[in-house]
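Structure first, commentary second.
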Amino acid sequence: MAEKKLLIATHNRTKFLEMKELLEEIPYTVVSLADVGIDYDVEETGTTFQENAVLKAKIYSRLSGLLTLADDSGIEVKALHGEPGVRTKEYAGPDATDEEKVSFLLKKMAHVPAGQRQAQDVTYIALAWPSGETWGTLGECSGSIALEPKGSPIQGFSFRVLFMPQHSEKTLAELTKLGISTESPRARAAARIKEFLMS
């Protein structure tokens, strides 16, 4: 019987390792883009997290011939009318570091007092098969943006040092254990993906 593989379509090693751990026990061998020799970068042209995730999953599935998982995520800040939203990754510029992204968002919110810093952390995870079929799920977490970074930065997850889930005084970075927080929308969506793949 042929080995079943699942491609995690991200070039970010930290994100790959987290997703691999979140999907532990699924009946698939999890592989990375590097494992299958793909260095192509898909341009995220969608207007929603779902569109970007599905776009990436379908293209990488077509390139690899494998069942493929891709996600898109970001922060939506109420006081900034939903920004940065789908532009979260390049909000501070295409080459900005995680530290620069955090600094940029805090400057944009300098006028917003505590108690009015509500935000949503959103992740959409999509699966795509070489046939073109797709399935996906949305993970959301309501909360607020801290007045300053708290917790250890996690590469590729810029705003975890700022985002505090509802009813928590700690940021996702502080709540994270071994790079994973069950409070994160990514973990919530991954749990539904795992359930789907094991059914």
Per-region count, segment 87-142, residues of a type in the set (S, T, N, Q) and more than 17 Å from ALA9 (Cβ to Cβ): 7
Tally time: how many residues in segment 21-39 are at pLDDT 95 or above and surrounded by 10 or more Cβ atoms within 10 Å (Cβ to Cβ)? 12
For segment 81-92, does any single residue satisfy the condition of being part of a loop (DSSP other than H, G, I, E, B), of a type outside the set (D, E, K, R) and under 14 Å from the mean Cα position of the chain (by Cα)? yes
Might you let me know whether segment 76-93 holds any residue that is modelled with pLDDT under 95 and polar (S, T, N, Q)? yes
Within segment 78-85, is even one residue free of Cβ contacts under 8 Å to residues at least 40 places away in the same chain, out of contact with any Leu (no Cβ under 7 Å at 6 or more places or on another chain), over 30 Å from SER199 (Cβ atoms) and among the hydrophobic types (A, V, I, L, M, F, W, C)? yes
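Any residue at all in segment 43-60 that's part of a loop (DSSP other than H, G, I, E, B), among the polar types (S, T, N, Q), crowded, with 18+ Cβ neighbours inside 10 Å and touching a helix residue (DSSP H, G or I) at 6+ places or on another chain (Cβ under 8 Å)?
Kept after step one, since they are part of a loop (DSSP other than H, G, I, E, B), are these residues of segment 43-60: 43-48.
Now narrow it down to the ones that are among the polar types (S, T, N, Q): 45, 47-48.
The next check asks that each one be crowded, with 18+ Cβ neighbours inside 10 Å; those that pass are none.
No, the conditions are met nowhere in segment 43-60.
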Conditions (1) under 23 Å from GLN50 (Cα atoms); (2) of a type outside the set (S, T, N, Q); (3) in contact (Cβ under 8 Å) with a residue 60 or more places away in the chain -> LEU162 fails only (1)
Where LEU127 falls short, out of the listed (1) surrounded by fewer than 18 Cβ atoms within 10 Å (Cβ to Cβ); (2) of a type in the set (A, V, I, L, M); (3) within 15 Å of the chain's Cα centre (by Cα): (1)
Failed condition for ALA70, given (1) part of a strand (DSSP E or B); (2) surrounded by fewer than 22 Cβ atoms within 10 Å (Cβ to Cβ), with all others met? (2)
Among what's in segment 93-119 and is small (Gly, Ala, Ser) and more than 17 Å from the chain's Cα centre (by Cα), pick the residue that is surrounded by the most Cβ atoms within 10 Å (Cβ to Cβ). ALA96
Are any residues in segment 73-92 crowded, with 18+ Cβ neighbours inside 10 Å and either among the β-branched types (Val, Ile, Thr) or under 30 Å from PRO130 (Cβ atoms) (or both), and if so, which ones? SER73, GLY74, ILE75, VAL77, VAL86, THR88
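The values are calculated or read from the model by the stated rules, or taken from the named source; none is laboratory data. All figures in this text were calculated on a predicted structure; none of them were measured in a lab. Every residue, glycine as well, gets a Cβ built from its backbone with ideal geometry; the counts of neighbours run over all protein chains shown.
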